[in-house]
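Visitor: Next up is a structure, given as structure tokens.
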Number of protein chains: 2
Amino acid sequence: MKLVALYKQPPDPQAFDQEYFGTHLPLMNKVPGLTQTIITRFSRTLMGEGLYLMTEMYFTDPAAMKVAMKSPEMATAGENLNSFAAGLVTLMFGEEEKEPQASR
Amino acid sequence: MKLVALYKQPPDPQAFDQEYFGTHLPLMNKVPGLTQTIITRFSRTLMGEGLYLMTEMYFTDPAAMKVAMKSPEMATAGENLNSFAAGLVTLMFGEEEKEPQASR
């Protein structure tokens, strides 16, 4: 179970990165039950409307994520998110399935 | 290095899933150099415009991805994609960085 944040291209990427990596990520890292965070920087758009950044935040299970979502640490991180990424961010719950690849 | 496809909510999810899992994914699995595919189903949107599905397709390195992008297998998969997901899909290149989590 994961929480996925997708960020549109910010008007000022340098200011965004400073807020995101300097303040937001350290606040998110205090959220209880977070087991892994994977950040994706998008480098090129081939089709559709390009995005800037994605964060995938993993929790052990739905129960752990529920606890995390209600924690004061998440409330603080959420307030901070609104202060610099309102209108840029899409936040969703997601569930993964891996496609077995044929050996090559 | 990965190729990321994001899909908006399709008008007919059942028809979309049939095309996607029944035809498109098997075509993508023939693309040379693909090492792993992770599919994410989005279950709930907390902020912003919700999406339906995400596919993360991993390649060993940028060179392998370049070869894959120019392969006839990718051309076939791309044509198929246009046949059922035009207007729904955003396709981007992305690079990952993992955030080290404090032990809990």
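Visitor: Out of all the residues in the range B:87-96, is one or more among the charged types (D, E, K, R) and closer than 30 Å to residue A:87 by Cβ? Full working, then the answer.
Guide: Step one: filter the range B:87-96 for residues among the charged types (D, E, K, R), giving B:95-96.
Now drop any that are not closer than 30 Å to residue A:87 by Cβ, which leaves B:95-96.
There is at least one residue in the range B:87-96 that is among the charged types (D, E, K, R) and closer than 30 Å to residue A:87 by Cβ.
Visitor: Residue by residue through the range A:76-86, note down the ones that are under 20 Å from residue B:51 (Cβ atoms) and in contact (Cβ under 8 Å) with a residue 24 or more places away in the chain.
Guide: Answer for the range A:76-86, where residues must be under 20 Å from residue B:51 (Cβ atoms) and in contact (Cβ under 8 Å) with a residue 24 or more places away in the chain: A:81, A:85.
Visitor: Can you name the condition, by its number, that residue B:54 falls short on among (1) over 13 Å from the mean Cα position of the chain (by Cα); (2) free of Cβ contacts under 8 Å to residues at least 60 places away in the same chain; (3) crowded, with 19+ Cβ neighbours inside 10 Å?
Guide: For residue B:54, the failing item is (1).
Visitor: Could you check how many residues of the range B:13-49 are among the acidic types (Asp, Glu) and under 26 Å from residue B:75 (Cβ atoms)? Quick ask: steps written out before the conclusion?
Guide: Of the residues in the range B:13-49, the ones among the acidic types (Asp, Glu) are B:17, B:19, B:49.
If we keep only those that are under 26 Å from residue B:75 (Cβ atoms) too, we end up with B:17, B:19.
Summing the residues that are among the acidic types (Asp, Glu) and under 26 Å from residue B:75 (Cβ atoms) in the range B:13-49 gives 2.
Visitor: Just checking, does the range A:7-15 include any residue being within 18 Å of residue B:44 (Cα to Cα), modelled with pLDDT of 95 or more and surrounded by 15 or more Cβ atoms within 10 Å (Cβ to Cβ)?
Guide: There is at least one residue in the range A:7-15 that is within 18 Å of residue B:44 (Cα to Cα), modelled with pLDDT of 95 or more and surrounded by 15 or more Cβ atoms within 10 Å (Cβ to Cβ).
The values are calculated or read from the model by the stated rules, or taken from the named source; none is laboratory data. Computed from a predicted model, the values in this text were never measured in an experiment. Positions of Cβ are generated from backbone atoms using ideal geometry, with glycine treated the same way; all protein chains shown enter the neighbour counts.
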